Amino acid sequence: MKSPEQIELAKLPRFRVTALHVRVRERAYITDISYLQSFCDECNVPLIVRDTEIGENLTGEAGQTAQRSEKDPCFLCSWYRRKALFDVAQELGCNKIAFGHHKDDIVETLLMNLIFEGKFSTIYPKLQMNKMPLQLIRPLCLIEEKDLRRYAQLRGYVKQKQPCPLEKNSSRADVKELITRLEQMNPNVRDSMWGAIARFDKNA
């Protein structure tokens, strides 16, 4: 006969986690793979490292992507890294991909889409893909970047050996600076934008 503790454990959801790190050959950032491996070993999570490269041509919405990439190389790099994520997820038979986007990422993406795309949209905490049996989830979506930075310091997480030299010369970097300036007008501007996202999603 099972104990109450065993019964409660049996009710918990069962899932497997695999970590994936994607490297883009054309980008000059360097990550300490040995550190990632040791971290995943401590968590008893397998790690996959996948190399990819930016192709010359894209199809479909990629035409727009290629045009935008001339002004924002980070956008195109992200496109190919995400494609690699989808490929590995389907190879492993996964049904979910967990991204590390935080609350500030979502607010910044909203402003980027308003400025560059002319539309009120952002990345969502949960999204079911239409063309493949995958659901995208963002477990850190309610946590602010400053809190994650502080947590990383407290845990002693190791930074990249060499950040991408293009990350400070991108649309996202410009939007981060813009939001900082907007905070001089309204210190709660991030919360105001988050509230606008929540109200818009309810009315969609």
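Within the set of pairs 6+ apart or on separate chains, which have a first residue in the range 25-39 that is loosely packed, with under 12 Cβ neighbours inside 10 Å, a second that is in a loop (DSSP other than H, G, I, E, B), and C-beta atoms under 9 Å apart?
Arg25/Glu53; Arg25/Ile54; Glu26/Glu53; Glu26/Ile54; Ala28/Cys164; Ala28/Pro165; Ala28/Leu166
Can you pull out the helices (runs of 4 or more DSSP H) entirely within the range 122-204 that have at least 1 residues that are touching a Gly at 6+ places or on another chain (Cβ under 9 Å)? Lay out the reasoning, then the answer.
Working: elements: 145-155, 171-185, 189-203.
Answer list for the range 122-204: 145-155.
Basic (Lys, Arg), closer than 26 Å to Ile33 by Cα and surrounded by 12 or more Cβ atoms within 10 Å (Cβ to Cβ): which single residue out of Arg138, Arg190, Arg150 fits that description? Give the derivation first.
On the way: Arg190 fails: closer than 26 Å to Ile33 by Cα; Arg150 fails: surrounded by 12 or more Cβ atoms within 10 Å (Cβ to Cβ).
Selected residue: Arg138, the only one of Arg138, Arg190, Arg150 that is basic (Lys, Arg), closer than 26 Å to Ile33 by Cα and surrounded by 12 or more Cβ atoms within 10 Å (Cβ to Cβ).
Only residues that are in contact with a strand residue (DSSP E or B) (Cβ under 6 Å, 6 or more places away or on another chain) and over 27 Å from Leu92 (Cβ atoms): list them for the range 115-166, please.
Lys161, Gln162
Can you pull out every residue in the range 11-44 that is closer than 26 Å to Asn95 by Cβ and assigned to a helix (DSSP H, G or I)?
Going through the range 11-44, the residues closer than 26 Å to Asn95 by Cβ turn out to be 11-24, 36-37, 39-44.
Result: Lys11, Leu36, Gln37, Phe39, Cys40, Asp41, Glu42.
Which one is surrounded by the most Cβ atoms within 10 Å (Cβ to Cβ), of the residues in the range 89-122 that are out of contact with any Ser or Thr (no Cβ under 8 Å at 6 or more places or on another chain) and over 25 Å from Ala198 (Cα atoms)?
Restricting to residues being out of contact with any Ser or Thr (no Cβ under 8 Å at 6 or more places or on another chain) and over 25 Å from Ala198 (Cα atoms), the top hit is Ala89.
Readers should treat all values here as calculations from the given coordinates under stated rules, not as data from a laboratory. Please read these numbers as outputs of a predicted model, since none were measured by experiment. No Cβ is skipped: glycine too gets one built from the backbone with ideal geometry, and neighbour counts run over all protein chains shown.
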